[in-house]
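K.L.:
A single structure is presented below for examination.
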Amino acid sequence: MITPAFELTQDPDFLTIIIRVPYARASEFDVYFEGEDFKFYSKPYFLRQLTLPGRIVEDGREKASYNTDEGTFTIRLPKEVPGQHFEGLDMLTSLLAPKKSRSAKPLVEEIAASAELSEEEEEEEFDWEIEQTPYEESSESIPPLQHPYGFGNLRSGVFQRLQDELSDVIDIKDPDQTPADERRRRRLEAEAAKFEPDHYLADFFEDEAIQHVLKYKPWWVDAHKKLTALQRESHQEHDTHTFVVFSEEEREQLRKFTNKSYLLDKRSRHHVYLGLIDILLAYCYEICVNEGDKNVESSWNIRKLSATLCWLESFTCIHDVLVSFGRRVLCYPLYRHFGLVTRAFSDTVMILQLGKAAVLKCLLDIHKIFRESDPAYILNDLFITDYCIWIQKIKSKKLAALSESLQKTTLTKSHMGLELEELEAAAVLVQEEENALKAAGTVSKQQLLSSESETSDSEESSSTSSSETEGSDSDEQESSTSEDGEINSFQGTLEEERTAPLIDCNGLRQGTNTSALGVGDGTAEASLQSVALPGKLIEELEMQMHSAMRLSEQPEGLATVSCVSQEQAENPVP
């Protein structure tokens, strides 16, 4: 027989069951329902038993129809109590469980222990802090053979048999022989060794890509907004089932799960709830950074960021879960930014507030990711499959209390134990110094360019002045040359005039050697000495002297004038 695909919906007065039987004869089917039980048969399909969360009644209002195009039966059954809300209609694995085996109690158990567990399950308030017990040194003569791990710490010995296959799945070596405290110590050491300040600071300062992925909104954001708006309007609690929709593939997977019951003591239940938070945090990070798309790194991201999966960690309080997740985000993945830690934190709170339907949908997605990844599929057997079955049976108020406790927990960078704030402050200081040096360099460069510009202008001005000076010098040189020519001409004239024989009124030449003159008689010598220069010649000499003095204002003419004056002084006119 084949278990058919089915889904359940409800309104205030009716429960609707839709059963897909594409290869059945519509004329041959049987339906049985009474109280909380429902059965359906149409060869070759057999829905052996659905255990409903509420009671239905046969009063003539029931109705069944068949859609030949889709091959589905739609059966509407009246509720025994109109207006009653049936909780958990999406929990198909739990609905398929036989009525007598829905309890978590084992077939054989101690009555006192059973009563104690029952009372604890019914408690309204749930303390999420595990009770502290004094340390007791174990006897060396009787060491524990194997240390448990997995969902509720119910498994052991798995890694001894599959050590080669699982070495790439978890980081801890030989977990069967490693106690929980030793696992935690090794994990903290590995995280401290893996932390890279340069990588962290690079993502801290250059966070454009990270800010982009932080804007992505997964499906639970809109669902949570709708739930919050509806609660604000009606001021009462609402079923979150209407905001969470399962795909047909997810429903099929729920039908494939084998129903199980889990006998967990109080400490084990704490580990399970805290492990759930750790797994959801890693899943929220993966969805955020890949914007809802899956890739070959999706499986690695989830199991690497969850210490529950990677180190088989058993947490004792919510704060330890958050610190572990935050440290691993800052040590391992591509994007190492504290903003991604806080984003995953807020997303996990929203998922828990949406109820177990939302949690189950996330777990089914993780189950699919691991199922398609080799060898991560073993984590489904150790954790995820059990979580998918267990979450369908817990009470919604437990998740509500868990989300409230998670929301009240604070997480800061100082809790990471990686000196993030000191590292950021030092990096900011260095950046400010570099900016100051760059600014100073820019000012110096501008000043240098300005100085070079002024120097260039000065050189151009000097070049222009030099060319003008050279032109002026050439003009002055030409003028001086012409003036020198005039002076030389004047000196020649003056020399000729000085050396020219002077003729007195008696017809004798003046300036003749006195010895020659002295040859004559004494009467002639006496008359020559007494002879005076003609007045016209003296006037001409004065005029030429004044002209020579005017020319002496030119530098080149000083020597000439000096020579003229000296010659005149040596040869004074009598």
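The values are calculated or read from the model by the stated rules, or taken from the named source; none is laboratory data. Note that the structure is predicted; figures quoted are calculated from it, not measured. So basically every Cβ, Gly included, is an ideal-geometry build from the backbone, and we count neighbours across all protein chains shown. To get the accessible areas, we keep the full protein, side chains included, count just its heavy atoms, and leave off ligands, DNA and RNA. Shrake-Rupley method; radii C 1.70, N 1.55, O 1.52, S 1.80 Å.
K.L.:
For region 387-414 and region 60-100, what is the separation of their C-alpha centers, rounded to whole Å?
P.N.:
30 Å
K.L.:
Please list Lys408, Lys225 in order of solvent-accessible area, largest first, computed with a 1.4 Å probe with all protein chains present.
P.N.:
Lys408, Lys225
K.L.:
A further question on this structure: Find how much the distance from Ala26 to Thr442 grows on full extension, using 0.36 nm per residue of separation minus their present alpha carbon separation; answer in nm with one decimal.
P.N.:
141.2 nm
K.L.:
Right, next: Spin-label point model (7 Å from Cα, Cβ direction): what's the Thr409 to Glu182 distance in nm?
P.N.:
2.7 nm
K.L.:
Quick check: with the 1.4 Å probe, what order do Tyr149, Tyr262 take by accessible area, largest first?
P.N.:
Highest to lowest solvent-accessible surface, that is Tyr262, Tyr149.
K.L.:
In nm, give the distance between the simple-model label positions of Glu58 and Ala192, each being 7 Å from the Cα along the Cα-to-Cβ direction.
P.N.:
7.1 nm
K.L.:
What ranking of Lys173, Lys39 comes out by heavy-atom accessible area, probe 1.4 Å, highest first?
P.N.:
Most to least solvent-accessible, the answer reads Lys173, Lys39.
K.L.:
Rounded to the nearest 10 Å², what accessible area does Glu34 show when all protein chains are kept and the probe is 1.4 Å?
P.N.:
About 110 Å², ignoring ligands and nucleic acids.
K.L.:
Still on this model: Classify region 163-293: rounded, prolate or oblate, from the alpha-carbon gyration tensor (a ≥ b ≥ c, eigenvalue square roots; a/c under 1.5 rounded; otherwise prolate if a/b is larger than b/c)? Walk me through the numbers on the way to the answer.
P.N.:
Working: a/c = 1.98, a/b = 1.20, b/c = 1.65.
Judged from the Cα gyration tensor, region 163-293 comes out oblate (a/c at least 1.5, b/c at or above a/b).
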